[in-house]
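Enquirer: Quick one: structure below, then a few questions.
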Amino acid sequence: MDYEGFMLLVDACKASASRPHLIVCSSAFVTRTWHPIALIINGISGGALYWKYYGEEYLRNSGVQYTIVRPGT
């Protein structure tokens, strides 16, 4: 979901005639992969924060208007 889901959602927004503003609720520590908490989360979740990061990067490079909210940071 965190990568393929992002791609599908972003592509749907790009294809939309109304060009919506996408608001994403992500996670703390997505861009701080070196942080001990991020290392623990990635270690026990199969790299969930890494996949969130790649999904966010896809969104950033898409041209779609967006806001990313990261609770806890």
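The values are calculated or read from the model by the stated rules, or taken from the named source; none is laboratory data. All values reported here derive from a predicted model rather than from experimental measurement. Note that we place each Cβ from the backbone using ideal geometry, even for glycine, and neighbour counts take in every protein chain shown. Protein only, heavy atoms only, side chains kept; ligands, DNA and RNA dropped before computing areas. Shrake-Rupley method; radii C 1.70, N 1.55, O 1.52, S 1.80 Å.
Enquirer: Report, by residue number, each residue of the range 1-51 that is in contact (Cβ under 8 Å) with a residue 24 or more places away in the chain, among the aromatic types (Phe, Trp, Tyr) and either assigned to a helix (DSSP H, G or I) or on the phi > 0 side of the Ramachandran plot (or both).
Expert: Once the filter is applied, which keeps residues that are in contact (Cβ under 8 Å) with a residue 24 or more places away in the chain, among the aromatic types (Phe, Trp, Tyr) and either assigned to a helix (DSSP H, G or I) or on the phi > 0 side of the Ramachandran plot (or both), the range 1-51 yields 6, 29, 51.
Enquirer: For the range 23-73, name all the residues that are open to solvent by less than 60 Å² (accessible area, probe 1.4 Å), more than 11 Å from the chain's Cα centre (by Cα) and closer than 17 Å to residue 4 by Cα.
Expert: 45, 47, 62, 64
Enquirer: (1) modelled with pLDDT under 90; (2) within 12 Å of the chain's Cα centre (by Cα); (3) open to solvent by 70 Å² or more (accessible area, probe 1.4 Å): which one isn't true of residue 2, the others all being true?
Expert: For residue 2, the failing item is (3).
Enquirer: Right, something else. Hey, can you tell me all the residues within the range 56-73 that are over 9 Å from residue 30 (Cβ atoms) and in a helix (DSSP H, G or I)? Spell out how you get there, then give the answer.
Expert: Residues of the range 56-73 that are over 9 Å from residue 30 (Cβ atoms), as a first pass: 57-67, 69, 71-72.
The answer is 57, 58, 59, 60.
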